[in-house]
Structure formats: C-alpha cells, structure tokens
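Accompanying notes for the structure given below.
The values are calculated or read from the model by the stated rules, or taken from the named source; none is laboratory data. In this text the structure is predicted, and so the values were computed from the model without any measurement. Cβ coordinates were reconstructed from backbone atoms using ideal geometry, including for glycine residues, and neighbour counts include every protein chain displayed. Ligands, DNA and RNA are stripped out before the accessible areas are found, and what is left, the full protein with its side chains, is counted by its heavy atoms. Shrake-Rupley method; radii C 1.70, N 1.55, O 1.52, S 1.80 Å.
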Amino acid sequence: MNGYERFRGKRLAVVESMLHDAFYNGIHRARDFGCEVWLLVQGEEWYTGGGRPLAEHPLGRVDRVLHVDTHDWRAVVDVLTDDDGKPLVDGVLSFSDYHTEVTAHTAEALGLPSQGLDAVRAANHKHLLRAALDGDPANVRWRLVTCVEELDEAIAHVGLPLIAKPPSEAISYGVRKCATRAEAVDAWRELSGIRQSLRGQPRPGDVLVEEYVRGTEVSVESMTVDGVTHFFGATSKYLHKQTMLEEAHSFPLALEPAVWDEIRSCVDRALRAISYRQGPAHTEVMITEEGPRIVEVNPRLPAHMISTMVTDVCGTNPHLDAKLLALGVEHVPDRNPGQGVVGGAAVAVLFPDESGEFTHVDGLDEAERLGVSVRLHHEPGDLVAGRLDNSASVGFVYAHADTAEAALDKARQAAARIRIHTRRTAP
C-alpha cells in the first residue's frame, strides 16, 4: 500500500481546494486509509456556484467543514488551535494557488511540517522566483513594472515579442503575448487595473514583463522530501492554436536521456534556489535550442488530471504522498514505472464552442465506447467559459494505453465525438 496505512489516526486540515475530481478524490482516498480530514472554506459558492449546499458536493464528504477567512493566516491558526494554543491537527496543506502561502504561514506558526513560507511566497509571486534565479542559465530576462514610466525600459531589456502577466495569479489568467510596443502598452493598461486576485485578495497592479522564449513547453512533476527532489517525469502540453489554452496533456514524455537530465537539473536548481523543503511541485519548463528555461514553479499538485496520469503510470499516488508529508510522516514516493495501471496516459480538455449557460452535452456514449472515461466538472445550468483562461474547460476525456502517444490519440478521438452545448445569456 506504499505506506498509506500510516494515515490511520492522523488529522489533516485542508485549506480550500482546487476544482475537479482529482482533488476531491485525493481527499476521499486519504479518508479511506483512516485519515480525519477537516476542510476550511471562506465561502461555499466557489464550489457550488451558489446553488447546491456544500453537503451535496464531493468536497462535502469530509469529517468537518470549518468556515473561516482563508485569506488570513491568523484566522486559520485560530480555528486550528485549542485553548492552550496547541494544534488540533497533525498537518495542514492546500493545493489552491491562492491559499498555499496562507497554509505555509499557518503550518510554521503551529510548528507543523511546511513547504517553507519563503519558498511558497517566491513560487507564487513570480517576480520573486525570477530574482531567486538571478544568474541561473534557466532564467529569462524580466522586469517588474510598477508604473507606466518603467515600461519602456522593461521593453528594451526583455525585447519584443514579450510576455506580460500579473505576477501573482494562476490558471494562465491575464497572460498576454505582445509583439509590439503598442500591444505591451495595452497589456499594461489592462493588467495594471487588476487589483484583486480571482479569489478576492488585494493586488498592487504590478505587471511582470518577461522575455518571450521559443521552444517546446512541458511540465515536470516532482515531490520534494527533506529538500531532496524526486521526479515522476515530464508531461507533454498541447495548446489550442487560437486561444493558446491547454487542450491536451500526455504522460510520460519520452525525452533523450541528456535532455531529461538537463531539465531535471534546472528544476532541481530552481527548487533549491527558493529553499523548497517538501511537497509536490508542478514546474513549467520551455525546452529551447539553448537549453531548458524555467517558466513557472507551482508549489502544488497539477490540475487537468495530470496527477491521475502519474498515479496510473508510476504506481504511486501524489495526492496521498503529499498528504503524508504534510502530516509529518517520513515518506518517499515509491515510483515504480511499469507497476501502475498502464504505460501511458492522456487527457483531452473539453471546451464549449461558445460561452454561456451550459445546457447539455452530446456524444458521451459514443466517446466512452472507445474505452475512455469522461469527467464533467460542470452541470446544466452553470455559466461556463466566461473568461479566456484554463477555467473555461467543462470537462476532461481521460485515456490510458500502452504508450502516452496511443493514449493521446484515443483521448482526442473520443473528445472529437463530444459536443458541449450552451445558451447565450444576457450580458
């Protein structure tokens, strides 16, 4: 059981959650092994859309739900301590980009295992990661623009085309490619006006400007234990040509040994540069002719069922591995390629043709006859694809096969048979 029986008798606090089944199932599996799970949420509507009660949502199947200001680490600490100031839980973690920093702060205040507050902060605030990587060949040219007067110097430094993005956001929200100065100015005007995160946290309106790097983008899935990083493998990313959203993934990516060594080395250096102590990391890397370049480090498990692919291929469950580490259990992921379900896996992302109210879906039976599973994370009546970022997806097609390439072909064939229907709503 890869040591997962050691969950028994432990109590874990989970601060918010990312959406989608993989994260809900990770909680349920820990409970199956005897772990008591407390879920801390600021509001239920993020998960239910303001309709159903959380008790009817998959996240509602926990041992206890606590309503607290999850943007305030002091409030989180308060609900997790007894009258004597001792922790009521054995560990605390979050896979929500907007709450990993609060969670790390909470863990350190309670004397519980932590990824490292400074490490999480550096990963979440991308300009701090760039500063930590100063002098590393895997870094890119960058500038943090805090006022419009700094923009021309930033453009001159990084060159055109460039990438402009909010320095502290997730799901590719606000990422803009700018080919001209005029486009960079437009991006600055738009992004500097964003003064709250998608989860309502205040933002100063700074804009991170980075060198545009040409190459092949992959993500590297890893787990750090006592400062030593263990690698599961690399994930292929396939982008929609018009929207540039991630439309498919496959795992594991077959790489030349020398290239894989270079990639692992640059990710390892990045995690060491921010003093990442423990836990999962989902690191985006661009493979260029000059070598790998770090795009982002995410101090959490990946979305889009990538962790499910790792589980099936590698024979270990990253959701359970990460939870054991958060509980202070000495645990090294038992990565055994070939001992999992299959040799390769893939996910195709389902998008509606238009934004609006999700009404119904066609082609599910035909798709599933190809031997895939279809996971929808929206229900009829939900408003979908309101923003052009990775939240626009309505579901996933998951496939496994003897190789990652065969799984990807199966997932894409199945996804082509599915149609997501929407109805336009009033603006």
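When the alpha-carbon atoms of region 147-199 are used, the pair Rg, Dmax equals 11.1, 33 angstrom.
Accessible area per residue for the chain is 44 Å², calculated with a 1.4 Å probe on protein heavy atoms, without ligands, DNA or RNA. Across every pair of non-identical alpha carbons in region 54-163, the mean reciprocal distance, once inverted, gives a Kirkwood radius of 17.0 Å. Distance between the C-alpha centers of region 280-326 and region 124-168? Whole Å please. One Cα centre to the other: 24 Å. Rg over Rh for region 117-250 works out to 0.97, both radii taken from alpha-carbon positions and Rh defined as the Kirkwood radius.
Neighbours of Gln413, meaning other residues whose beta-carbon lies under 15 angstrom from its beta-carbon, give a summed charge of -1 when Lys and Arg score +1 and Asp and Glu score -1. Dipole of the chain computed with +1 at Lys/Arg Cβ and -1 at Asp/Glu Cβ about the Cα centre; of Gly205, Leu112, Thr70, farthest Cα towards the positive end is Thr70. Using a Gaussian network model of the chain with C-alpha springs under 10 Å, which one of Val158, Val259, Val372 is most mobile by mean-square fluctuation? Maximum fluctuation in the GNM of the chain, among the listed residues, is at Val259. Rolling a 1.4 Å probe over the protein heavy atoms of region 207-297, with every protein chain left in place, gives an accessible area that is 47 percent carbon and sulfur. For region 77-164, the fraction of 1.4 Å probe accessible surface lying on carbon and sulfur atoms is 50 percent. Evaluated with a Cβ-only charge set (Lys, Arg +1; Asp, Glu -1), the chain carries a dipole of roughly 220 debye about its Cα centre, given to the nearest 20.
Treating each Cα of region 25-102 as an identical point scatterer and ignoring solvent, apply the Debye formula and state log10 I(q)/I(0) at q = 0.11, 0.13, 0.16, 0.21 Å⁻¹. After summing over all Cα pairs, the log10 values are -0.30, -0.43, -0.65, -1.11.
So how strong a dipole does region 192-231 carry about its Cα centre when Lys and Arg Cβ are +1 and Asp and Glu Cβ are -1, to the nearest 20 debye? Walk me through the numbers before you get to the answer.
Details: 4 positive and 6 negative charges, 65 e Å.
Magnitude of the dipole: close to 320 debye.
By the helix-only formula, in which each DSSP H run with n ≥ 4 contributes -39500 (n - 2.57) and the sum is divided by residues, the chain has a 222 nm mean residue ellipticity of -8000 deg cm²/dmol. The equivalent ellipsoid that matches the C-alpha gyration tensor of region 162-232 spans semi-axes of 28, 19, 9 angstrom, in descending order. Taking every DSSP bridge with both residues inside the chain, close to 85 percent are antiparallel.
Judged by the gyration tensor of its Cα atoms, with axes a ≥ b ≥ c, the chain is rounded; a/c sits under the 1.5 cut.
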